[in-house]
Amino acid sequence: MRNFGYKSLRWFSPVLNILFKNRLRVLAYHDIIDSANFEAQIIWLKSKYNIIDISTLQSHLFHNQPLPKNSLLITLDDGDKTVYTKGLHIFKKHQVPSCLFIITDLINSRKDFWWNTIIKNEEKNGLSKEKIMEVINICKALPNDQRLNYLQKYKATFRDQLTLEEVQELKENSVFIANHSHTHPMFDKVNEAELKDELMQVKTFFEEKGIGDFTVFAYPNGNSNERSEQLLIENRIRMAFLFDHKLNEKHINPLRISRIAVDSDNPLSEFKTKVSGLHPMIFKVKKKLQQ
Ligand SMILES: [Zn+2]
């Protein structure tokens, strides 16, 4: 999509901002690669949108409070260490709230993200980036036990993860700590026992450590189905976030909150187009054409 011509498309963005001023935008970041670029994005977001926190969204969803015009929520998935090392000072400086979805099994550990283990091993094997992505996508499509079996063939890799103290400091600085599962399996590929165990482990972790809101959840990789949604309901999860590259409709289903994927190193022209809702529209049309 990068060759689509973001620079020319950005002229549509102000029009879409007016058309969609009552639609909630939720951004989904992962790591923060480029601090300076990320800060420029935050400054621009602050100038164009009302950056809200989770409790403002909860008041809207559960107590009928209106959202401010041009509301935007910043979320970050996986709890990458760079959110602390490169993002926290920017959030503090610009007094911007956000929501961080953590993988509880990784906190206070040196365990790598499972997809990184694939990347690092296959890079050593000389596989191209495209081929490595194919392997990861195949893994994501496997039943969970088969995915775990497949991963056994790789040498363990390591990575510094957030410590409990760092999570606490993030929390004290308007970063809402929320549930992104215990080990990041695909929720549409796990069996019922695995799914229950994932949720139970997060609940125990949050209760024992006294941090994090179990009831605010983001589907790992955005994968969901009716069964997993039902289990979320049974476990009293009240909000669930998708990864579907869409703006939200006027009436939001709290268990199907749409998010737009962005990266901290997206150049501003590309970033503005993505946030406006134009990029998600193109994404949708492109997908339709491919079907
Ligand atoms: Zn994730």
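The stretch between ILE43 and LEU19, if pulled fully straight at 0.36 nm per residue, gains 6.4 nm over its current Cα-Cα span. Considering only DSSP beta bridges with both partners in the range 49-176, what is the antiparallel share in %, to the nearest 5? The answer is about 10 percent antiparallel.
Here the relative contact order of the chain, from alpha carbon pairs under 8 Å that lie six or more residues apart, stands at 25 percent. Within the accessible area of the chain, what % is carbon and sulfur when the probe is 1.4 Å and the other protein chains stay in place? Using a 1.4 Å probe with all protein chains present, the chain comes out at 51 percent carbon and sulfur.
In straight-distance terms, cross-link reach from LYS209 covers every one of the lysines whose alpha-carbon lies under 21 Å from its own, apart from those fewer than eight places away in the same chain; here that gives LYS81, LYS111, LYS171, LYS196.
For a protection proxy built on the mean count of beta-carbon atoms within 10 angstrom, sort 20-30, 226-236 highest first, please.
Values: 20-30: 19.9, 226-236: 14.5.
Most protected by this proxy first, the peptides run 20-30, 226-236.
Each residue, MET133 and GLU192, gets one label point 7 Å from its Cα in the Cβ direction; the gap between the two is 3.8 nm.
Taken over the chain, the percentage of Cα pairs per 5 Å bin, counting from 0 up to the bin with the maximum distance, is 1, 5, 11, 15, 18, 18, 15, 10, 5, 1, 0.
Averaging the sequence gap over all C-alpha pairs within less than 8 Å and six or more residues apart, then dividing by the number of residues, gives the range 208-259 a relative contact order of 34 percent. For the range 99-117, list residues with backbone N below 20 Å from a point placed 7 Å from the Cα of GLU207 toward its Cβ? Those under the cut-off are 102-107. Among complete DSSP H helices in the chain, none has alpha-carbon atoms stretching at least 27 Å along the helix's long axis together with a mean Kyte-Doolittle hydropathy reaching 1.6. A cut-off under 12 angstrom between Cβ atoms defines the neighbours of TRP114, and their net charge, with Lys, Arg +1 and Asp, Glu -1, is +2.
When the P(r) of the range 129-226 is calculated, the portion above 19 Å amounts to 53% of the C-alpha pairs.
Once you reduce the range 76-131 and the range 220-271 to the center of their Cα atoms, the two points are 18 Å from each other. If Lys and Arg each add +1 and Asp and Glu each add -1, what is the summed charge of the other residues whose beta carbon sits under 13 Å from the beta carbon of ASP53? Neighbourhood net charge equals 0. The alpha-carbon of LYS120 sits under 12 angstrom from the alpha-carbons of these aspartates and glutamates, leaving out residues fewer than 8 places away in its chain: ASP112.
Label-to-label distance for SER174 and HIS89 is 1.8 nm, based on points extended 7 Å past Cα in the beta-carbon direction.
Placing pseudo-labels 7 Å out from each Cα toward the beta carbon at LYS69 and LEU268 gives an inter-label distance of 2.3 nm.
Looking at the chain alone, DSSP beta bridges between its own residues are antiparallel in about 5 percent of cases.
Based on DSSP H runs of at least 4 residues, each adding -39500 (n - 2.57), what is the mean residue ellipticity at 222 nm of the chain after dividing by all its residues, to the nearest 500 deg cm²/dmol?
Numbers: 13 runs with 132 residues, N = 291.
Value at 222 nm, helices only, nearest 500: -13500 deg cm²/dmol.
Taking a point 7 angstrom from the Cα of LYS153 along the C-beta vector, which residues in the range 120-136 have backbone N less than 12 Å away? Answer for this model: 122, 135-136.
Computed over protein heavy atoms with a 1.4 Å probe, the accessible surface of the chain works out to 49 Å² per residue.
The values are calculated or read from the model by the stated rules, or taken from the named source; none is laboratory data. Quick caveat: nothing in here was measured; it's all calculated off a predicted structure. Ideal geometry is used to build each Cβ from the backbone, glycine not excepted, and the neighbour counts take in all protein chains shown. These accessible areas exclude ligands, DNA and RNA; they are computed on the full protein's heavy atoms, side chains included. Shrake-Rupley method; radii C 1.70, N 1.55, O 1.52, S 1.80 Å.
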